[in-house]
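The values are calculated or read from the model by the stated rules, or taken from the named source; none is laboratory data. Model, not experiment: these values are computed from the prediction. Every residue, glycine among them, receives a Cβ derived from its backbone with ideal geometry; neighbour counts consider all protein chains shown. With ligands, DNA and RNA removed, areas are computed over all heavy atoms of the protein, side chains included. Shrake-Rupley method; radii C 1.70, N 1.55, O 1.52, S 1.80 Å.
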Amino acid sequence: MHDKTVAQLMAGLRDKSFSSAELTRCFLDRIGAMDEQLNSFISVNEEAALAAANAADARLAAGDTAALTGIPIAHKDIFCTDGMRTSCGSRMLDNFIPPYDATLIKRFNAEGAVTLGKTNMDEFAMGSSNESSYYGPVRNPWDTQLVPGGSSGGSAAAVAALLAPAATGTDTGGSIRQPAAFCGITGLKPTYGRVSRLGMVAFASSLDQAGPMAHSAEDCALLLNAMAGHDPLDSTSSPEPTEDYTAQLARQIDGLRIGLPREYFGEGLDNATAGQIDAALKELEALGATLVDISLPNSHLTIPTYYVIAPAEASTNLSRFDGVRYGHRCTDPVDLHDLYTRTREEGFGDEVKRRILVGTYALSAGYYDAYYKKAQQVRRLIKQDFMHCFEQVDIIAGPTTPGPAFALGAKSDDPVSMYLEDVYTLAVNLAGLPGMSVPAGFVDDKPVGLQLIGRHFDEARLLNVAHQYQQATDWHLRRPAAIAGGAA
Amino acid sequence: MAIEQDDIEKIAELARIRIDQDQIGQVTQRITEILRMVDQLQAVDTSEVQPMANPLDATQILRPDRVTESNRREAFQAIAPAVEDGLYLVPKVID
């Protein structure tokens, strides 16, 4: 059961090959047997999961089903879950039990999906390696000496290790796509505003977006169907109509024009990774697509632009953690100032503090125009580059990351070198576009991800291209050797 | 733009984050590296470019001003560090 796709599990539940309770038990047992090594979950609530599975089985028996009824799913520990700790990977929220569900959680619950647990992540989603979590690093199932990527590293590792058939993640600068690439799974960051942010702990409000992480494009489409849509409680969620994201999967891609930004294939890209990406592009060409040379001339400005805007927004969002209403509070504060400053010293880790300080500086009197306003102007130039390209091409393709997963500890002492990991993913968030990472081969037994970028609200096209690629290749079916022979 | 240790102390005060004296040097160095990387932006001519706050250039959607939430004070206060008689407790501010 544990090595089936969501689509296969849906069929199995309906034809009664197994029950949701059996399925849920199977994944809980795998988590129990294997997660000590990977650390991909922060919280697992067996009792609640089995109760939800039994309720789903009752719905299945009564014929009162939605698409995902009875399907076990892992949620990134950034989504508020009523009555279940939501830590966001931080000591600040180690004791935080939300009194409400995020809209995304509500939607999965309404479908009858089963929450297996909450996955590990970089603290407040700030990181590209999952090493900044208060709960310790996650390990990559392909090689436990490697990072799984971040910030949704727990979700990526859990899916890759077959501890969950699918998971949710969030992506502010690559946090779904980069761990998906490093762990050999499929991940989609939808258009900004496609999925509600209500109840998703805020990092950078103009960039944050939730999305699915799974084994295949088809599974991502099934999850996106449950997630996408306007939420009156999130004023930045889009009123654009949604569609059935599985409807276009089978469409042939002959005649598709794929833009290859030359800036994504130049200096900085690992040679062996480039070779895998070239092979993937040839495969798409063989399926009838046309490859078009394009340019995103402001690509070199994406990292500086992002590292003004994201910290600036983070510094304002994280000002809410004050030790007064919920979360961590320091012991024996002598006065209110001491309460604030020591609570925040103790509650936040180094990377989060750095970003709050950078953001505070960028927004402070005398520096606002030089940093924040400047970055917002360059952000528009970066978006315009994409808009010009989409006049000539249907989608854009390239590597998700400059190279495969790196070793634990290799970059954790050097923030700027860690930031360079996201060189190909950040621009997608700045422009608000949908982006995917699709397994596209291996370098020294480490997975490589092909990134696909689409027009705003063109998720169906991205999923279609990814699905057609996955019909012609089997990279997404490969499993880590140590995992395939595991328990259950 | 160079940043000095006392600038970091001022920012940390604005952000209400205490930094240990023995760490301030390292924090200053890391933030200097980040700001040096960010300073590439200064070379770009943006005189004709409107700042972009939302990637879809969306404007704020307003809803009718109707009461839609119920009072959940007890649920919210149940997760607070210190409360009394429905109030949040903090150290004494005024003597």
Query raised in the report: Can you give the % of DSSP beta bridges in the protein assembly as shown that are antiparallel, to the nearest 5?
Result: 70 percent
Requested in this report: Two decimals is fine: what's Rg over Rh for the protein assembly as shown, C-alpha atoms, Kirkwood radius as Rh?
Outcome: 0.96
Report summary line: Expressed in angstrom and rounded, the centroid-to-centroid distance over alpha carbons for the stretch A:413-457 and the stretch A:293-363 is 23 Å
Query - Estimated FRET transfer efficiency (residue B:94, residue A:3; beta-carbon r; R0 56 Å; 0.05) - result: 0.30
Report task. Quick one: among B:78, B:43, B:58, which has the greatest mean-square fluctuation in a GNM of chain B with alpha-carbon springs under 10 angstrom? Result -> B:78
Query raised in the report: In nm, to one decimal, how far is the modelled label at residue A:325 from the one at residue B:72, with both set 7 Å along Cα→Cβ?
Result: 1.2 nm
Requested in this report: Once you have a ≥ b ≥ c as the square roots of the Cα gyration tensor eigenvalues for chain B, tell me rounded if a/c is under 1.5, and otherwise prolate or oblate according to whether a/b is larger than b/c.
Outcome: oblate
Report task. Could you tell me the convex hull volume per residue, in Å³, taken over the Cα atoms of the stretch A:1-158? Result -> 102 Å³
Requested in this report: Would you pull out the residues with amide H under 5 Å of residue A:73's amide H, same chain only if 5 or more places away, H placed 1.01 Å from N?
Outcome: A:114, A:115, A:116
Report summary line: Yeah, the stretch A:388-459 with a ≥ b ≥ c from its alpha-carbon gyration tensor (a/c under 1.5 is rounded, else prolate when a/b outruns b/c, oblate otherwise) is oblate
Query raised in the report: Given a Förster radius of 45 Å and the C-beta distance between residue A:444 and residue B:29 as r, what FRET efficiency does 1/(1 + (r/R0)^6) yield to the nearest 0.05?
Result: 0.85
Report summary line: Calculated from DSSP helices alone, with each H run of at least 4 adding -39500 (n - 2.57) and the total divided by the residues of chain A, [θ]222 nm to the nearest 500 comes to -11500 deg cm²/dmol
Report summary line: Long-range alpha-carbon pairs in the stretch A:284-399, meaning those over 25 Å apart, account in percent for 47 percent
Report summary line: The local net charge around residue A:91, scoring Lys/Arg +1 and Asp/Glu -1 for residues other than residue A:91 whose Cβ lies under 9 Å from its Cβ, equals -3
Report summary line: Per GNM of chain B with C-alpha springs under 10 angstrom, the most fluctuating residue out of B:34, B:79, B:11 is B:79
**Report entry** Distance between modelled label sites at residue A:47 and residue B:36, nm, 7 Å Cα→Cβ extension
**Finding:** 5.5 nm
Requested in this report: Work out the charge dipole of the stretch A:6-83 with +1 on the Cβ of Lys and Arg and -1 on the Cβ of Asp and Glu about the Cα centre, then indicate which of A:50, A:62, A:32 is farthest towards its positive end.
Outcome: A:62
**Report entry** Buried area at the B-A interface (accessible, heavy atoms, 1.4 Å probe, summed, Å²)
**Finding:** 5200 Å²
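Across peptide A:382-390, how many C-beta atoms of other chains are within 10 Å of each residue C-beta, on average?
The shielding value for this peptide is 1.
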Report task. Report, as an integer, the average count of C-beta atoms from other chains found within 10 Å of each Cβ along B:29-35. Result -> 6
Query raised in the report: What part of the accessible area of chain A, given as a whole %, is carbon or sulfur when the probe is 1.4 angstrom?
Result: 48 percent
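Once you charge only the Cβ atoms, +1 for Lys and Arg and -1 for Asp and Glu, what is the size of the charge dipole of chain A about its Cα centre, to the nearest 20 debye?
Computed about the Cα centre, the dipole is about 520 debye.
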Query raised in the report: Would you list A:197, A:107 from the most to the least accessible area, probe 1.4 Å?
Result: A:107, A:197
Query raised in the report: Which whole-Hz couplings ³J(HN,Hα) result when phi for each residue of the stretch A:332-343 is put into the Karplus expression 6.51 cos²θ - 1.76 cosθ + 1.60, θ = phi - 60°, listed in order with x for Gly and Pro?
Result: 6, x, 7, 8, 5, 4, 5, 4, 5, 6, 7, 4
Requested in this report: Give the accessible area for residue A:345 in Å² (nearest 10); use a 1.4 Å probe, count only protein heavy atoms, and leave out ligands, DNA and RNA.
Outcome: 40 Å²
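Can you flag which of A:189/A:446; A:353/A:373; A:106/A:383; A:411/B:10; A:76/A:411; A:106/A:411 are past 26 Å Cα-Cα? Intermediate results must be reported in sequence, preceding the final value.
On the way: A:189/A:446 22 Å; A:353/A:373 22 Å; A:106/A:383 33 Å; A:411/B:10 29 Å; A:76/A:411 23 Å; A:106/A:411 37 Å.
Violating the 26 Å limit, Cα to Cα: A:106/A:383; A:411/B:10; A:106/A:411.
Dividing the Cα convex hull volume of the stretch A:164-209 by residue count, how many Å³ per residue is that?
Per residue, the Cα convex hull of the stretch A:164-209 comes to 84 Å³.
Keeping every protein chain present and rolling a 1.4 Å probe, give me the accessible area per residue for the protein assembly as shown in Å².
38 Å²
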Requested in this report: Round to a whole angstrom and tell me the spacing of the C-alpha centers of the stretch A:145-223 and the stretch B:41-78.
Outcome: 23 Å
Query - In Hz, Karplus ³J(HN,Hα) per residue of the stretch A:82-95 (6.51, -1.76, 1.60; θ = phi - 60°; x = Gly, Pro) - result: 4, x, 10, 3, 10, 8, 6, x, 10, 4, 4, 10, 4, 10
